[in-house]
Structure formats: structure tokens, C-alpha cells
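Chemist: Dropping a structure here in C-alpha cells format, bear with me for questions.
The values are calculated or read from the model by the stated rules, or taken from the named source; none is laboratory data. None of these values were measured; they are calculated from a predicted model. In this analysis, Cβ positions are derived from the backbone assuming ideal geometry, glycine residues included, and neighbour counts consider all displayed protein chains.
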Amino acid sequence: MRHSGESLQSRSPKIAGNSYYLVVVRREYNGRMETSLESVAKEFVKAINRQDLETLATLMPEEHRFIDSLGRVMVGRENVRAGWVEYFRMVADYSIELQETFIHGPVVVMLGLAQGSYTVDGQLTELERWSSPAVFRAFIDDDKVKEWRVYADNEPVRKRIRKSK
């Protein structure tokens with residue numbers, strides 16, 4: 001697995017007298033494929049943070065899959081888009097704050113925070129604000145987010161939902 005922006009390159013063993021040594025060089029990686037995968041995943045996050053449903057839909061293929069932190073699966077661009085509409089109603093200031101990004105093959109894994117305020121009536125209050133560590137996994141195919149999976153502790157949100165009933 002490669003951390004965003006880096007690669008390791010090893011060179012053949014060198015001979016020094018009767019001894020061998022291996023030279024490992026760390027250099028910046030500027031491969032198009034890695035950058036493209038990461039940029040698609042991060043554009044998806046930016047669209048979520050702006051609640052930009054049009055861009056989200058553009059970045060999802062028709063067969064897009066969304067898997068929430070409880071393992072529930074939603075399939076299809078329009079179904080997932082409708083799900084985002086409902087979620088943004090419930091958490092009107094939802095946002096993702098990214099801290100680290102890792103790329104492995106077609107998968108981009110992003111570590112950070114999910115945060116927002118739960119609201120029933122559309123009125124945001126600081127009392128209903130929550131923040132939780134989260135991991136976001138994007139499977140990128142043909143410059144689209146084919147699968148978006150969230151790993152997060154949503155108990156802070158569930159607690160607020162229970163309290164409001």
C-alpha cells in the first residue's frame with residue numbers, strides 16, 4: 001500500500017568487496033493513475049461537503065453502491081442520490097474532514113472525521129453537533145466512484161435521534 005504522493009523504489013544489490021548492500025530510494029510519485037484516483041475520491045468528498053447533488057451524481061456510475069457504517073447497502077445512482085437528499089435534511093451541515101489518504105490499486109482509503117448537527121426541524125443548534133472518527137473507502141473505476149463505504153461510529157447521531165423521539 002502506498003501513502004498518497006509517495007513510492008518506494010529499490011535498486012539491485014550493489015557489491016562492495018565481498019559484501020552486498022541494497023539501496024532503497026524514496027522519491028515523490030507523480031504517476032497519473034494514482035493522482036487521478038485520489039482526485040476523483042477527493043472531489044466526491046468536496047461534493048458531499050457542499051451538498052452538491054449534481055456533482056455527486058456525475059461522479060457515480062449508474063450501478064454505484066453505497067455501504068453505510070452498519071453495513072447496509074444501497075445500489076443505484078438515483079437511489080443513493082435520494083439517500084443523500086434525506087441525509088442532508090437530517091444532518092444539514094454534514095461534512096467530512098480528511099486527514100490522511102492511502103491508495104491501493106483502484107481503492108482510495110481516506111481517514112478523518114465525519115461531523116454535523118442532527119436536526120428534526122431544520123434548525124441547527126450547537127447542542128446537536130457531533131463529530132466522529134471515520135474511514136471512507138472509495139472504489140474508483142473509469143473516473144467514477146463505483147462504491148463508497150463509510151466506517152464510522154454513528155452512535156453520537158443515533159443517540160440524538162433517540163433523544164428527539
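Chemist: Any chance region 142-160 includes a residue that's among the β-branched types (Val, Ile, Thr) and at pLDDT below 80? Spell out how you get there, then give the answer.
Modeler: We begin by selecting, within region 142-160, every residue among the β-branched types (Val, Ile, Thr); these are 145, 150, 157.
Now drop any that are not at pLDDT below 80, which leaves 157.
Yes, region 142-160 contains at least one residue that is among the β-branched types (Val, Ile, Thr) and at pLDDT below 80.
Chemist: Ok, one more. Glu78: charged (D, E, K, R), within 27 Å of Val120 (Cα to Cα) and outside any helix (DSSP H, G or I), yes or no?
Modeler: In short, no.
Chemist: Would you confirm, using the coordinates I've provided, whether Glu97 is of a type in the set (D, E, K, R) and under 16 Å from the mean Cα position of the chain (by Cα)?
Modeler: Answer is yes for this residue.
Chemist: Here's a check for you: in region 50-65, which residue that is surrounded by 14 or more Cβ atoms within 10 Å (Cβ to Cβ) and within 17 Å of Gly116 (Cβ to Cβ) is nearest to the chain's Cα centre (by Cα)?
Modeler: Leu56
Chemist: Residues that are surrounded by fewer than 16 Cβ atoms within 10 Å (Cβ to Cβ) and modelled with pLDDT under 95: does region 91-103 have at least one?
Modeler: Yes: one or more hits.
Chemist: Does region 121-141 hold any residues that are at pLDDT below 70 and among the acidic types (Asp, Glu), and which are they? Step through it out loud before you land on a result.
Modeler: Pass one, region 121-141, residues at pLDDT below 70: 121-127.
Scanning region 121-141 gives Asp121, Glu126.
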